[in-house]
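Peer 1: The following block contains the structure, expressed as structure tokens.
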Amino acid sequence: MKVLVIGSGAREHALCRSLSLDPAVTALHCAPGNAGIAEVAELHQVDALDGAAVSALAAELGADLVVVGPEAPLVAGVADALREAGVPVFGPSKEAARLEGSKAFAKDVMAAAGVPTARSYVCTTAEEVDEALNAFGAPYVVKDDGLAAGKGVVVTDDIEAARAHSAACDRVVIEEYLDGPEVSLFAVTDGETVVPLQPAQDFKRALDGDKGPNTGGMGAYSPLPWADPKLVDDVLHSVLQPTVDEMRRRGTPFSGLLYAGLAITGRGIRVIEFNARFGDPETQVVLARLQTPLAGVLMAAATGGLAHLEPLRWSDDAAVTVVVASHNYPGTPRTGDPITGLDEVAAQDAPHAYVLHAGTRREDGTVLSAGGRVLSVTATGKDLTEARDRAYTAVARVRLDGSQHRSDIAARAAADA
Ligand code: AMP
Ligand code: GLY
């Protein structure tokens with residue numbers, strides 16, 4: 001099987017790594033990719049938001065399957081263009097990707113499907129905003145309605161900050177604050193059958209102790225030793241399957257990866273958000289534990305064959321990933337700095353720990369930082385403590401001037417396990 005992966009983050013590096021280990025994959029391509037992905041896949045330049053260009057590349061490569069990693073191409077309709085061209089694609093249509101692309105749309109689908117989520121108001125004027133903020137009280141949760149790479153959400157006790165964020169967006173969703181630990185649960189679906197993966201936990205805030213601004217995610221771990229063993233089944237039946245059924249009922253079936261961001265509150269499970277693609281950095285830890293070869297799973301989702309897929313096999317190992325970000329992330333990051341120590345990780349920590357690249361590029365043999373989240377150091381171990389130790393040992397070898405990472409990824413879960 002010839003596979004083309006679209007994207008350039010650590011998530012796409014994790015996808016490419018798993019696909020490169022799958023004996024069914026005879027050729028692996030990625031566009032646009034990054035310096036790390038270049039070690040496992042052949043890179044191509046393409047405007048990932050241009051459906052015609054992506055389809056032309058898929059045709060030129062004779063791709064049997066295209067996997068679209070990030071949300072922006074999905075929301076732009078790249079999967080539709082591929083389907084029209086007759087290429088199997090893992091990723092939802094533009095219409096179905098609105099589950100991620102519009103928070104207001106997602107709320108509407110959840111209401112219709114009876115999926116538990118935070119109570120919310122969609123607001124466009126300052127008066128509506130004030131009314132909603134007062135109705136819920138602090139802490140205030142204000143979300144930009146559109147795509148914002150995980151940075152469009154403000155959770156604050158300061159009503160002026162909540163108003164200011166609302167004023168900076170065209171349309172916001174203001175919702176009830178959800179208390180309790182967060183879980184990311186991914187499911188692969190062909191629009192009908194839903195196959196959940198293993199749950200993970202992400203660390204959204206920039207700084208240790210869940211301080212600082214929201215980011216795209218600073219680290220993750222799986223499994224969740226503290227979670228109810230029935231969690232995956234509960235979420236399948238109360239969230240994932242009803243949502244997929246509702247999308248099909250509307251004539252806009254969702255196929256690809258449905259990501260449920262959940263809060264486990266005292267009153268039960270609530271959906272915080274849906275995403276229409278694999279999460280980053282959770283994918284790094286989920287795929288580190290998946291033993292079933294990946295290409296067949298993604299192909300079954302792309303071609304309507306999930307009902308016949310063998311149950312997924314999972315490693316009992318734990319996995320931890322720690323994101324190394326540029327100076328000033330999640331603000332405008334500093335880029336162009338050399339990254340060293342990557343060879344030392346490969347020589348001393350593999351195969352238990354490895355570096356997945358995000359914002360990197362290679363220039364004259366040197367790997368340079370090229371984005372906010374630069375790389376994601378992933379490690380496995382017999383438990384979270386061992387996986388964590390291995391991940392942080394490898395992080396310590398990576399040198400990037402001004403870089404930042406959290407030092408408490410999976411710390412509490414490892415201590416409590
Ligand atoms: P989202 O982009 O909707 O996932 O929001 C980003 C982050 O903001 C989430 O992972 C939560 O940490 C936080 N957040 C979002 N919605 C809520 C809510 N209703 N209550 C509490 N925290 C929230
Ligand atoms: N880790 C959060 C996300 O992928 O949206």
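Peer 1: Sort Phe254, Phe203, Phe105 so that the residue with the fewest other Cβ atoms within 10 Å of its own Cβ comes first and the one with the most comes last.
Peer 2: Phe105, Phe203, Phe254
Peer 1: Taking segment 274-417, how much of its Cα-Cα pair set, in percent, is spaced more than 26 angstrom apart?
Peer 2: Every Cα pair in segment 274-417 considered, those over 26 Å come to 33 percent.
Peer 1: Using a Förster distance of 22 angstrom, determine the FRET efficiency expected from the C-beta separation of Glu39 and Lys2, and round it to 0.05.
Peer 2: Taking R0 as 22 Å, the efficiency between Glu39 and Lys2 is 0.75.
Peer 1: Now, a different point. Let me check against my output: what whole-number percent is the relative contact order of segment 103-221, with C-alpha pairs under 8 Å and at least 6 apart?
Peer 2: 23 percent
Peer 1: If you build a Gaussian network model of the chain, linking Cα atoms that sit under 10 Å apart, which residue out of Ala162, Ala391, Ala325 swings the most?
Peer 2: Highest fluctuation among the options: Ala162.
Peer 1: Right, something else. So between Trp226 and Tyr177, what do we pick up on full extension, going 0.36 nm a residue minus the alpha carbon distance?
Peer 2: 15.4 nm
Peer 1: Another question about this same structure. Among Val195, Val155, Val395, which one shows the highest mean-square fluctuation when the chain is modelled as a Gaussian network with alpha-carbon springs under 10 Å?
Peer 2: It is Val155.
Peer 1: What aspartates and glutamates sit close enough to Lys103 to cross-link, taking a C-alpha to C-alpha distance under 12 Å and skipping anything fewer than 8 places away on the same chain?
Peer 2: Asp144, Asp145, Glu175, Glu273
Peer 1: Moving on. When we measure straight from the Cα of Lys211, which lysines land under 18 angstrom away, once same-chain ones fewer than 8 places off are left out?
Peer 2: In chain and number order, the partners are Lys151.
Peer 1: Could you grab the relative contact order for the chain? Cα pairs under 8 Å, six or more apart, rounded to a whole percent.
Peer 2: With pairs under 8 Å counted, the relative contact order is 16 percent.
Peer 1: So, one more: Please give the FRET efficiency for His308 paired with Asp364, using the beta carbon to beta carbon distance and R0 = 56 Å, rounded to the nearest 0.05.
Peer 2: About 0.70, to the nearest 0.05.
Peer 1: If you don't mind, there's one more thing I want to ask. Which of Ser55, Ser255 has the fewest other C-beta atoms within 10 Å, and how do the rest follow up to the most?
Peer 2: Ser55, Ser255
Peer 1: Whole-Hz ³J(HN,Hα) for each residue in segment 266-275, computed from phi via Karplus 6.51 cos²θ - 1.76 cosθ + 1.60 with θ = phi - 60°, x for glycine and proline: what do you get?
Peer 2: Karplus values, whole Hz, x for Gly and Pro: x, 9, x, 6, 10, 7, 7, 6, 10, 10.
Peer 1: Then there's this: For Glu273, Glu182, what ranking results if the residue with the fewest other Cβ atoms within 10 Å of its Cβ goes first?
Peer 2: So the ranking, lowest neighbour count to highest, is Glu182, Glu273.
Peer 1: Moving to a separate point now. Between Asp208 and Glu84, what FRET efficiency follows from the Cβ-Cβ distance if R0 is 41 Å, with the result rounded to 0.05?
Peer 2: Once rounded, the FRET efficiency stands at 0.30.
Peer 1: Using θ = phi - 60° and the Karplus curve 6.51 cos²θ - 1.76 cosθ + 1.60, what whole-Hz ³J(HN,Hα) does each residue of segment 21-36 get, with Gly and Pro shown as x?
Peer 2: 8, 8, x, 6, 8, 8, 8, 10, 10, 9, 9, x, x, 8, 4, x
Peer 1: Still on this structure: With labels modelled as points extended 7 Å from the Cα through the Cβ direction, what inter-label distance (nm, one decimal) is found for Leu21 paired with Ala350?
Peer 2: Simple spin-label model gives 1.2 nm for this pair.
Peer 1: May I pose another question? How many percent of all Cα-Cα pairs in segment 8-163 sit more than 28 Å apart?
Peer 2: 38 percent
Peer 1: Taking Rh as the Kirkwood radius, which is the inverse of the mean 1/r over Cα pairs, what is the Rg/Rh value for segment 213-345?
Peer 2: 1.01
Peer 1: Turning to a different aspect of this structure: Check which residues have an amide H placed less than 5 Å from Thr265's amide H, if you skip close sequence neighbours.
Peer 2: The answer is Arg270.
Peer 1: In addition: How much length is gained on full extension from Ala126 to Glu60, taking 0.36 nm per residue of separation minus their Cα-Cα distance?
Peer 2: Full-extension gain reported as 18.7 nm.
Peer 1: Per DSSP helix of 4 or more residues, -39500 (n - 2.57); summed, then divided by the residues of the chain. What does that give at 222 nm, rounded to the nearest 500?
Peer 2: -8500 deg cm²/dmol
Peer 1: Moving to a separate point now. Please provide three numbers in whole Å: the alpha-carbon extents of segment 110-186 along the principal axes, with the largest listed first.
Peer 2: 34, 24, 22
Peer 1: Over the chain, what number does the Rg to Rh ratio reach, with both radii from the alpha-carbon atoms and Rh per Kirkwood?
Peer 2: 0.94
No value in this document is a laboratory result; all are computed from the given coordinates. This is a predicted model, so every value here is computed, not measured. Here the Cβ is made from the backbone with ideal geometry for all residues, glycine too, and neighbour counts use every protein chain on show.
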